[in-house]
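What follows is one structure encoded as C-alpha cells, with my remarks underneath.
The values are calculated or read from the model by the stated rules, or taken from the named source; none is laboratory data. Just so you know, these numbers come straight off a predicted model, no measurement behind them. Here the Cβ is made from the backbone with ideal geometry for all residues, glycine too, and neighbour counts use every protein chain on show. The area values use the complete protein model at the heavy-atom level, side chains included, leaving out ligands, DNA and RNA. Shrake-Rupley method; radii C 1.70, N 1.55, O 1.52, S 1.80 Å.
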Amino acid sequence: MTGSRVSHLQAAGMRFGAGLLVGLCLGGLCLVGYGLAVLGSTPAMAQVGAPIQIGPPPTDPGRDAAAPLVPAPSRETAPGAAPGASVFQPVPAQPVRPPQRTTVDGAITINPVQRLTVDATGTLTPTTGGLPAEYWSGTPGDVALRLVALMPAAPESRTLRELARRMLLSAGPAPADLAKEGDLLARRAEQLLAMGAVDDLTRLGERVPSAALSIDLSRPLVEAAFVRGDDERACALYDRLTNASTDIFWIKVAMVCDARAGLDAKVDFGARLLSELGEEDQLIQALAQAATTGQGGAQFRMVGAGPVHLALARIADLKVDPEVSAIASLPVLVGLARGSASPPFAAWLEAAERAERAGAIAPWELTDLYDEVSVSTASVEAALAAAEADPGPLGRAILWRVAEAQTDPSARARAIAKAMDLAEDDAAWRQTARLFAPFLLSLDPGPDLDAFAATAVRGLMATGDVGAARPWLQRLLRQSANGSDGAAGTWLGLWALSRIAGGDDVTPFDLQAVGRWWQHLRTIDPQQASVRASAALALMAALGDPVGDDAWRGLVAAPPVEVQAVPGAAYAYAIRAAGQNRRLGETVALGAAALGEVALAEIAVPALADVVSALGSVGLEGEARRLAVEVALAHGL
C-alpha cells in the first residue's frame, strides 16, 4: 500500500504537464525530472443561492468551467510512437437503439429492449420508495446530466429534497443517448454527496460492480467514506486508482491515507507537492503541518473544509472549534453532527441543527444531542426564560427537554408554543415543528388547550400529519357551531391551510366557505388580505380546486407589483412542458432547480404554484400537496 502511494505522487507529477523540470528531495524521498502544471479537480457541484437559468451553456455546470463534457484525450506517448506524438482516445459512439420491428401485416409493433448500463444502478425501486423505473423517459441524456447538476444541495422545501433524494437513488434505465456510460451515475453520486446524503451514497456505491468504479464515481464515494469514518474503505478505493488518478484532490487523499498509516514524511511531501503545484489550500497545509510537527495552541475553525480536511483533522487527532456558520459543505456538517474530530458541544449542536434543517441527518440524531443538555425542571418558568435569553440551538434544546419532562399537558403546550415563537425564520419554525412533533402528538384537544389549537394544527400540518390535526379542527367547528366567536375566528384563520393540506377529507371547497374566509382575512389583516388570499387560491387551483376566473379580479389591490424572486422564463416554460408531457425525472429535477435554495417566502407564488401543478401532473399528487402546505405556511396562511 505504501509503495502504491509513492507511485501515485510520481504519476501525478508526470501527468501535470510538460514545462518545468524540477528535482525534489524531501524527507528522504527523491523525485527527479517530472513536469509540473496544475490540473483542476472536479468537485461535486450543486446550485447554491438564487435560481439560475437553464440554457445551452458552453460547458457542463456539473464540472469545472474548463472541463469538457467528454474527458480530454490523453496526450501520453504510445509505445513505438515518435517522441511528443499524441494518442487521442476516440470519443465513444452514442448508443444506437435497435430498430423497431413489426409483424408482416403491421398490426403489432415490437419495441427493442434497451440495454441496461451501470447508470441504471439504484437502491430504490417503486416498491421501496423509488420512482417508476422509466422516470427518465422522454428526457435526452445531456438534459438529464445538466438538470442533475443544477439541483440544489439544500432546498428549503423538505418535500423537494426528499423527492430529489428518491430520484437520485432510483433504479431505472438512463437516457439511451448518453455520450458516455457511467456519467449519469457519477453525477447522481456527486449530487448525493453535496446534499450530505452520505449513508445513501455509500449504499448506492455498494451496488456498483468494482469494474465500473470510475474516477468520477470514486471521488464522491471516497469523500462519503471519510465523512462516515470509514477510512479503510476510502483508502482502499484510492489504492485502486493510484495509477489513474492525477488531479490535486487525490494528492490530498493520499495525505490522509498516509497520515492514517503514520507516514508523516509522506504527508509532509504531499503538502509540499501541493505547494509546488500552486494549490492555494491553506487549511490542508496547516492541518498537514500540525499533523506532522504538532499542533500549537490555536484550534482549527475549519472554514472552507471539505470531507478530506475533516478526515485529516480527525485522523491526526487535531483540536477543532468549527465556525459552523461559515462552513458551506453539508457533508462536513454531517460529520461534525456525528462527532467527527470531536468538536466542542456548542459547535456540535449547531452543526447538527444545520444538518437536520437541510435534511442531511434524521431528527433523532439531533434530539439525541438535545438529551445531553442538562435542564432543571423544578421551574418551567425559569427554563422558558433561559431559552428566551438564548434562542438558538441551546435554547431549543432546553425547551425540548422541558417539553419532554412535562406530564401536565398545559405545561408541555407552553414549552412547544415558546419554541415555535422563538424560531428565527420559516425554516427554523418548520424544523421546530418536526422536532417537537412527538410532543404535539401526545396532546389531546380540550378546554385547557383551546388557546393552543392554532399552533397545534399548523405544527401538525407542517409535519404532514393531517390526520392528527383533524380532532383539533373538529373541536373548533363544534365550538363555532355552539356560538364561540373565538373558535369561529380560529377555524376561519385555518380554513385555507386545512383545505390545501387535506382537500375534501378535511373541508369542502365551496363559494360560501371561500366568502367567509375572505371576509375574515379582510377583517383581521386588511393590508395583507389580498396577498394571502391570492397565494391560497393559487395553490388551491394548482391542486385542482375549481377556482373560477372571476375570483381573481376581486383580489386585485395595491401594491400592483411585488418584488419577489422569480425563476427565469426557461424554468417556467420547461417545468410546465415537463409536467404536461409527464416526464417524471425531468419534472422533479426542474422543480428543485427552479426554486434553488431561496426561502419559499421570498419566491413569487405563481412560480411555486407551477411546481405544485407539475408534480400533480406526473402523478405525484401527495408530494404536490405537501409542497403546497410548505408554501402556504411560508406565506403566512
(message) Looking for something in a strand (DSSP E or B), open to solvent by 30 Å² or more (accessible area, probe 1.4 Å) and touching a strand residue (DSSP E or B) at 6+ places or on another chain (Cβ under 9 Å) - is there at least one such residue anywhere in the range 544-564?
(response) no
(message) Just the residues that are open to solvent by 10 Å² or more (accessible area, probe 1.4 Å) and either of a type in the set (S, T, N, Q) or assigned to a helix (DSSP H, G or I) (or both), please, taken from the range 570-589.
(response) Ala570, Ala572, Tyr573, Ala574, Arg576, Ala577, Gln580, Asn581, Leu584, Glu586
(message) Suppose we filter Gly278, Gly262, Gly196, Gly172 for residues that are in contact (Cβ under 8 Å) with a residue 12 or more places away in the chain and either open to solvent by 20 Å² or more (accessible area, probe 1.4 Å) or part of a helix (DSSP H, G or I) (or both); which single one remains?
(response) Gly278
(request) State all residues of the range 213-235 that are part of a helix (DSSP H, G or I), modelled with pLDDT of 95 or more and out of contact with any helix residue (DSSP H, G or I) (no Cβ under 6 Å at 6 or more places or on another chain); if no residue qualifies, say none. (result) Arg219, Glu232
(message) If Ala244 meets every condition in (1) over 20 Å from Ser340 (Cα atoms); (2) not in a loop (DSSP other than H, G, I, E, B) apart from one, which number is that one?
(response) (2)
(request) Test each condition in (1) assigned to a loop (DSSP other than H, G, I, E, B); (2) surrounded by 15 or more Cβ atoms within 10 Å (Cβ to Cβ) for Ala291 and report the one that comes out false. (result) (1)
(message) Here is a list: Ala487, Ala496. Which entry is outside any loop (DSSP other than H, G, I, E, B), among the small types (Gly, Ala, Ser) and over 22 Å from Ala628 (Cβ atoms)?
(response) Ala487
(request) Give the residues of the range 506-528 that are free of Cβ contacts under 8 Å to residues at least 12 places away in the same chain and open to solvent by less than 60 Å² (accessible area, probe 1.4 Å), sorted by residue number. (result) Asp510, Gly515, Asp525
(message) Out of everything in the range 341-376 that is part of a loop (DSSP other than H, G, I, E, B) and under 23 Å from Ile315 (Cβ atoms), what residue ends up being most open to solvent (accessible area, probe 1.4 Å)?
(response) Ser342
(request) For residues that are in contact with a helix residue (DSSP H, G or I) (Cβ under 6 Å, 6 or more places away or on another chain) and polar (S, T, N, Q), tally how many sit in the range 427-450. (result) 2
(request) Check the range 409-418 and report whether any residue there is under 22 Å from Val466 (Cβ atoms) and open to solvent by less than 10 Å² (accessible area, probe 1.4 Å). (result) yes
(request) Tell me which of these Leu241 doesn't satisfy, since it passes every other one: (1) more than 18 Å from Ala311 (Cβ to Cβ); (2) touching a Ser or Thr at 6+ places or on another chain (Cβ under 7 Å); (3) surrounded by fewer than 23 Cβ atoms within 10 Å (Cβ to Cβ); (4) free of Cβ contacts under 8 Å to residues at least 40 places away in the same chain. (result) (1)
(request) Pull up the range 136-156, narrow it to residues that are more than 30 Å from Ala427 (Cα to Cα) and of a type outside the set (Gly, Ala, Ser), then point me to the one that is most open to solvent (accessible area, probe 1.4 Å). (result) Asp142
